[in-house]
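Okay, structure first, notes after.
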């Protein structure tokens, strides 16, 4: 079997008959692996970002002041401006316990949170989606995941080294093509989910509505956040990957286990794939 490096070298960007995506499919190369390039960030910053990621999972209400103080206690100098820059790279923002009504929402689109009071009693009623920063041994990538809220089944996922909107939409399209569209898709108000491309695609699904977390609410999309916590603490933090190919394999291995072998107390420890397939 050809090595990944050899397969990647066979991809021809100038080929007019087959696009890069099609060539990746033919060569069994995940798109995220082909496009991955190490990101030029100082080693100390990568270490700090790894610690910030763990602190964020522990308590997402931390802002720049608290990050600066707590990271400094661990022996690293981190000012508030630098903390803000790293938070932007990681795609995280402080979640406040109460809505800050004086802050203007600058997003182009804002949709209400529709899941409050809804009886989610079957698969494909509601999906939760989000992006999470993934630290690696020599860099980082992002994981986009889609969870069926009722069954806890991961219906779609992908990794990338950029938080590109097209990446998010393409992954969502694959999930819809494979599993059908849910009644609701819930996200936060991140730029990928307030973009024309995302909004236009979800609105093109005839029976699907857009739901978005309320500003400052930490619990509206808790199911996908709980999944990110699980995959990081049970797999990715324990085995930091060296490159995008290894990270892809780790995610694939864990999500296969999560979907098919890891039971949830909500369903008397039945596994997500059984709950999803039996009713979907």
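Each reported figure results from applying straightforward, stated rules to the coordinates on display, with no laboratory input. Just so it is clear, the structure is predicted and the values come from calculations on it, not from any experiment.
Taking 0.36 nm per residue of separation and subtracting the Cα-Cα distance, what length does fully extending residue 269 through residue 246 add?
5.3 nm
For the range 126-279, what does the relative contact order come out to in percent, with C-alpha contacts under 8 Å and a separation of six or more?
23 percent
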Can you bin the range 43-90 into rounded, prolate or oblate? Criterion: square roots of the alpha carbon gyration tensor eigenvalues sorted a ≥ b ≥ c, rounded for a/c under 1.5, prolate for a/b above b/c, oblate for the rest.
-> rounded
